[in-house]
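Reviewing the structure listed below.
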Amino acid sequence: ITVEPIITLAGNHEVNQVFFDNVRVPQANLVGGENQGWTVAKYLLEFERGGRAWGAKLRGALAELRRLAAARGLDRGTFGQRLAALAVNIQAVEYTEQRVIAELEATGRIGPASSLLKISAGTTLQAISELSVEAIGHYAAPYQPQAREWGSNVEPVGSADELVVMARYLDLRARSIAGGSNEVQRNIMAKLVLGM
């Protein structure tokens, strides 16, 4: 087994690339049937997509954005309307979470709503990060990985709050493919919900 780090756009090491070369698994240790790996993976991915408390995470991110916006006098007018639209999106995500939980309690499976939840929560989180970059303006531009390191004495350009905004924005670009790309999720919903 070979593990190679993947460094994100923001310079973080959060994930790895894992290679299984010439690995043999005894038949008694198979998870699911032989050649059923994709079926097992899809089942596990349902929980990756729908097994999180997205509403709480999104509400926290929006609260942070509101604080950044208010500190710059951006919490009213058009910017304030965009904040309100994000709050509505978050409420829709929370309702979807409730549907997913009800499905899990009733059937033991999360089902295709996990795909909807993954897309809606991910795109809302990306929208919050985009608006956060817009809120802090030019303070988003400096690339400052050393200032973000734990225990660093490097003084950040701008405030400590602003320091993580661009890094978060860059890392969240991967949300569109993590747990299965949004396009794959739409295909899953079309097949399982619409019967296409």
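Quick notes on this structure:
- When region 1-25 is filtered for residues that are surrounded by 11 or more Cβ atoms within 10 Å (Cβ to Cβ) and among the aromatic types (Phe, Trp, Tyr), nothing remains.
- Qualifying position, being buried (at least 16 other Cβ atoms within 10 Å of the Cβ), modelled with pLDDT of 85 or more, assigned to a helix (DSSP H, G or I) and among the aromatic types (Phe, Trp, Tyr), among 169, 95: 169
- Residue within region 132-147 that is touching a residue at least 60 places away in the same chain (Cβ under 8 Å) and under 18 Å from the mean Cα position of the chain (by Cα) present: yes
- Scanning region 98-109 for residues that are crowded, with 18+ Cβ neighbours inside 10 Å and either assigned to a loop (DSSP other than H, G, I, E, B) or β-branched (Val, Ile, Thr) (or both) turns up just one, 100.
- Scanning region 110-152 for residues that are loosely packed, with under 15 Cβ neighbours inside 10 Å, of a type outside the set (A, V, I, L, M, F, W, C) and not in a helix (DSSP H, G or I) yields a count of 5.
- Test result for residue 82, assigned to a helix (DSSP H, G or I), basic (Lys, Arg) and surrounded by 15 or more Cβ atoms within 10 Å (Cβ to Cβ): yes
- Taken over region 1-56, the criterion of being part of a helix (DSSP H, G or I), modelled with pLDDT of 85 or more and polar (S, T, N, Q) is satisfied by 27, 29.
- Complete set of residues in region 172-196 that are under 16 Å from the mean Cα position of the chain (by Cα) and either of a type in the set (D, E, K, R) or in a helix (DSSP H, G or I) (or both): 172, 173, 174, 175, 176, 182, 183, 184, 185
- Hey, residue 75 surrounded by 10 or more Cβ atoms within 10 Å (Cβ to Cβ), among the acidic types (Asp, Glu) and assigned to a loop (DSSP other than H, G, I, E, B) or not: yes
The values are calculated or read from the model by the stated rules, or taken from the named source; none is laboratory data. Every value quoted in this text rests on a predicted model; they were computed, and no experiment measured them. Ideal geometry is used to build each Cβ from the backbone, glycine not excepted, and the neighbour counts take in all protein chains shown.
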